[in-house]
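Here is the structure we will look at.
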Amino acid sequence: MTGRSLPAVVCGHRFRDSTLLEAALTHPSATDQAQADVRLRFQRLEFLGDAVWNLCVSDALVSLLPTASEGELSQRRAHLVNSTALAETARNHGLQALLLLSPGEDSAGGRERTSILSSALEAVIGAIYLDGGEEQVRRLARDACLRQSDAQEPAQEPKAALQTLSQSRFRATPRYRTLRRSGPMHAPVFEVEVRVGQSPIARGRGPSKQEAERAAALAALGTFAEA
């Protein structure tokens, strides 16, 4: 660790263990081979933060939207946990100014890079969770959900939400394949499969290919939510 000066309060949480915060704000680009343990600590905090954020956002949405369907909740969560939304939350809390980056990454505009800011926020969330439990993360998640509601931003359509989520997590675009068409000519039923990469994720049925694809995307979002 560098022992650099950092604020005691970040994202609304007052850290008792400053080494956790420093680890969360030290991007792997700022480390060398001799600091593999520092890089690993950042990655482990990022991994933990991703899981905690998903849980807390889910909990906030269920609390704030008591009549919403599973599909709507999945769409809204996908919008709140993707890398673009995470990076925006990081900016709202001033994380870009606190990051320790390599000189090359810094000069190349790394402080405003979505992938770096989203990873940093997840690492900070992991650090907050370890330092003080999940209560502050729950407050952050609730605030994020309320900002989405205040902006009156509509939840993404299932296919758009699935594309955002799969590109963020797997850097892959969902592909849809019609498996079969059944029923009479005046009332057809289409069954569609959606794949991410080489893996079939879910299936959906509907009176048109478009509706079947939408149903498959909704089912896939539910699958990712349970994973």
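Out of the residues in the stretch 161-209 that are in contact with a strand residue (DSSP E or B) (Cβ under 7 Å, 6 or more places away or on another chain) and basic (Lys, Arg), state the one that is modelled with the lowest pLDDT.
Lys209
Go through the stretch 164-211 and count every residue that is surrounded by 15 or more Cβ atoms within 10 Å (Cβ to Cβ), outside any strand (DSSP E or B), under 23 Å from the mean Cα position of the chain (by Cα) and not hydroxyl-bearing (Ser, Thr, Tyr).
4
Does the stretch 44-60 include one or more residues that are without any contact (Cβ under 8 Å) to a residue 24 or more places away in the chain, in the same structural domain as Gln148 (by TED's automatic domain parsing), crowded, with 16+ Cβ neighbours inside 10 Å and not basic (Lys, Arg)?
Among the residues of the stretch 44-60, not one is without any contact (Cβ under 8 Å) to a residue 24 or more places away in the chain, in the same structural domain as Gln148 (by TED's automatic domain parsing), crowded, with 16+ Cβ neighbours inside 10 Å and not basic (Lys, Arg), which makes the answer no.
Contact list please: Cβ distance under 6 Å, first residue in the stretch 119-145 and polar (S, T, N, Q), second residue at pLDDT below 95 and not in a helix (DSSP H, G or I), pairs at least six apart or on different chains.
Cβ pairs passing all conditions: Gln136/Gly12; Gln136/His13.
Quick one: in the stretch 76-99, of everything that is aliphatic (A, V, I, L, M) and within 8 Å of the chain's Cα centre (by Cα), which residue is modelled with the lowest pLDDT?
Ala78
Please state which one of Ala68, Ala78, Ala87 is in contact (Cβ under 8 Å) with a residue 40 or more places away in the chain, among the small types (Gly, Ala, Ser) and surrounded by 14 or more Cβ atoms within 10 Å (Cβ to Cβ). Break it down stepwise before answering.
Values: Ala68 fails: in contact (Cβ under 8 Å) with a residue 40 or more places away in the chain; Ala87 fails: in contact (Cβ under 8 Å) with a residue 40 or more places away in the chain.
Exactly one residue qualifies, and that residue is Ala78.
Conditions: (1) more than 16 Å from Ser74 (Cβ to Cβ); (2) of a type in the set (A, V, I, L, M); (3) at pLDDT below 85. Ala225 meets all but one. Number of the miss?
Condition (1) is where Ala225 drops out.
Suppose we filter the stretch 146-160 for residues that are outside any loop (DSSP other than H, G, I, E, B), under 19 Å from Gly222 (Cβ atoms) and either at pLDDT 85 or above or small (Gly, Ala, Ser) (or both); how many remain?
Of the residues in the stretch 146-160, 2 are outside any loop (DSSP other than H, G, I, E, B), under 19 Å from Gly222 (Cβ atoms) and either at pLDDT 85 or above or small (Gly, Ala, Ser) (or both).
Looking at the structure I just gave you, is Arg39 part of a loop (DSSP other than H, G, I, E, B) and surrounded by fewer than 21 Cβ atoms within 10 Å (Cβ to Cβ)?
no
The values are calculated or read from the model by the stated rules, or taken from the named source; none is laboratory data. Quick caveat: nothing in here was measured; it's all calculated off a predicted structure. Every residue, glycine among them, receives a Cβ derived from its backbone with ideal geometry; neighbour counts consider all protein chains shown.
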